[in-house]
């Protein structure tokens, strides 16, 4: 369930994160692709828009800024127009770029994607053109990068290595960074390059390979959860890792600990439009979580949410904490997950307020759920973004001078029936005779009541209006109320079921 994860997300601080890796500039050329070229059997793209975005380690830095982290970025750009554009974007994001070197001997890595729209919509990537140099940094550049990086590692709470195999993450640089971070007690998390030899990451705290990368690095074909666990365990053993976060696309993330503990944290189904940047998003989220001391299990759950939101977008986009929070709050929830305590509910209300959502609350006994309730609860839900139903406890119902045999159903049954309604987001059982205490704690934007109430007859109206909230009576279905239904049931004679008789055998027609 997501309730505890919402609390974890809200309690995240703004850590200082050091990112080392390959800096990439992504260029997107958008246009309509509606006919075949007369020159060759290829789709003709009528380009109408060009945009550039940050990629590689630069994108990790951007995503970290979206997650409210403070970022220092280390890497290399070329002495060219693309490098200057990349740097301008980073400076605009308030990324600390003092450890980014300029190398006139190599171009800035650029990935150019051509995105075609069919019938002016449904965009799809048609082609990618890469301009890059993959040779390792020379000795002078390596020395300069290490000279800049090593002294500042203790100033950060986590180090992320984003290795796209473009020449920055050499064994010498990576190993010295890992050793210095270990000495400083700073965790190091690696998003590795595809390959069979991961020894350059020896001694890192954690690694975040995807399914295919894990297969290549371990020789284990990661087709099942058990295979992912075995591969993760092998990585932890061979590289001296504390954890391996093996990302399994739509299956979620397999978290494997050095002591052999392993768990698959599943993710909900998404409409996948573009997997570009999903690995960067997982690395960035993992970094922020680890820097805040979040458990490996909850780290993977947060990464699932952020990565899932990323693949629902075209190209790389920044995912904010607010978007993650909204996804957790608005995602599918089981009936029992809607029933919560006042403390839990207060945390959810605070989260929804952070998102600017309008909170609606209603209260009552709801002793016998009927069509009148369903009608007015749907009305109440339509008044805002979130509907809370506060249900009187059994003792509270008895204190309200109901009939001696009321409530007909106990509080847990009544809460469960209400929580099963799609219109209801939360159900709270309260024991007080009036809702004043919970109104004062939750402060809903709107207090509603179904039935023949006037505004001033709704209990708690004066408290809600005093803090600036609204109070509103809703419509009622005539002749339908719990009291009326109970009275009709009491006055209805007990029906007996007549004994079933054996049907007579139909007569056979005479032949002829």
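For (1) closer than 18 Å to residue 368 by Cβ; (2) assigned to a helix (DSSP H, G or I); (3) touching a residue at least 40 places away in the same chain (Cβ under 8 Å), each residue gets a yes or a no:
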residue: 389; (1), (2), (3): yes, no, no
residue: 429; (1), (2), (3): yes, no, yes
residue: 464; (1), (2), (3): no, yes, no
residue: 472; (1), (2), (3): no, no, yes
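Yes/no per residue for (1) at positive phi; (2) assigned to a helix (DSSP H, G or I); (3) surrounded by fewer than 16 Cβ atoms within 10 Å (Cβ to Cβ):
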residue	(1), (2), (3)
148	no, yes, yes
154	no, yes, yes
161	no, no, no
164	no, no, no
167	yes, no, no
175	no, yes, no
180	no, yes, no
186	no, no, no
190	no, no, no
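In a residue-by-residue description of the stretch 47-61, the property of being buried (at least 21 other Cβ atoms within 10 Å of the Cβ) and over 26 Å from residue 177 (Cβ atoms) applies to at least one position.
Going through (1) modelled with pLDDT of 90 or more; (2) touching a strand residue (DSSP E or B) at 6+ places or on another chain (Cβ under 9 Å); (3) not assigned by TED's automatic domain parsing to the domain that holds residue 114 one by one, residue 300 falls short only on (3).
Of all residues in the stretch 124-144, those that are in the same structural domain as residue 177 (by TED's automatic domain parsing) have Cβ atoms under 8 Å from Cβ atoms of residues that are loosely packed, with under 13 Cβ neighbours inside 10 Å and part of a loop (DSSP other than H, G, I, E, B), 6 or more apart or on another chain, in 138/105. For residue 352, are the conditions met, namely being touching a residue at least 40 places away in the same chain (Cβ under 8 Å), surrounded by 16 or more Cβ atoms within 10 Å (Cβ to Cβ) and not assigned by TED's automatic domain parsing to the domain that holds residue 10? Against the criterion (touching a residue at least 40 places away in the same chain (Cβ under 8 Å), surrounded by 16 or more Cβ atoms within 10 Å (Cβ to Cβ) and not assigned by TED's automatic domain parsing to the domain that holds residue 10), residue 352 does not qualify. Residue-level analysis places residue 204 outside the set of residues that are crowded, with 24+ Cβ neighbours inside 10 Å, in contact with a helix residue (DSSP H, G or I) (Cβ under 8 Å, 6 or more places away or on another chain) and assigned to a helix (DSSP H, G or I).
Which members of the stretch 411-428 meet the condition of being over 24 Å from residue 470 (Cβ atoms), surrounded by fewer than 19 Cβ atoms within 10 Å (Cβ to Cβ) and either modelled with pLDDT of 95 or more or touching a helix residue (DSSP H, G or I) at 6+ places or on another chain (Cβ under 7 Å) (or both)? 416, 420 - these are the residues of the stretch 411-428 that are over 24 Å from residue 470 (Cβ atoms), surrounded by fewer than 19 Cβ atoms within 10 Å (Cβ to Cβ) and either modelled with pLDDT of 95 or more or touching a helix residue (DSSP H, G or I) at 6+ places or on another chain (Cβ under 7 Å) (or both). Would you pick out the residues in the stretch 10-48 that are over 19 Å from residue 71 (Cα atoms) and touching a helix residue (DSSP H, G or I) at 6+ places or on another chain (Cβ under 9 Å)? Within the stretch 10-48, 10, 26, 27 meet the criteria.
None of 332, 296 is farther than 26 Å from residue 93 by Cα, surrounded by fewer than 21 Cβ atoms within 10 Å (Cβ to Cβ), out of contact with any helix residue (DSSP H, G or I) (no Cβ under 8 Å at 6 or more places or on another chain) and in contact (Cβ under 8 Å) with a residue 24 or more places away in the chain except 332. Every condition in (1) touching a helix residue (DSSP H, G or I) at 6+ places or on another chain (Cβ under 6 Å); (2) surrounded by fewer than 20 Cβ atoms within 10 Å (Cβ to Cβ) holds for residue 211 except the one numbered (1).
Answer yes if at least one residue in the stretch 236-247 is modelled with pLDDT under 95, in contact with a strand residue (DSSP E or B) (Cβ under 6 Å, 6 or more places away or on another chain), outside the structural domain of residue 304 (by TED's automatic domain parsing) and closer than 27 Å to residue 175 by Cα, and no otherwise. Yes. Only one of 368, 361, 345 is under 30 Å from residue 433 (Cβ atoms) and in a loop (DSSP other than H, G, I, E, B). Can you tell me which? That would be 368, the only listed residue that is under 30 Å from residue 433 (Cβ atoms) and in a loop (DSSP other than H, G, I, E, B).
The values are calculated or read from the model by the stated rules, or taken from the named source; none is laboratory data. Since this is a predicted model, take the numbers as computed values, not measurements. A quick note on method: Cβ atoms are made from the backbone with ideal geometry, for glycine too, and the neighbour counts reach across all protein chains shown.
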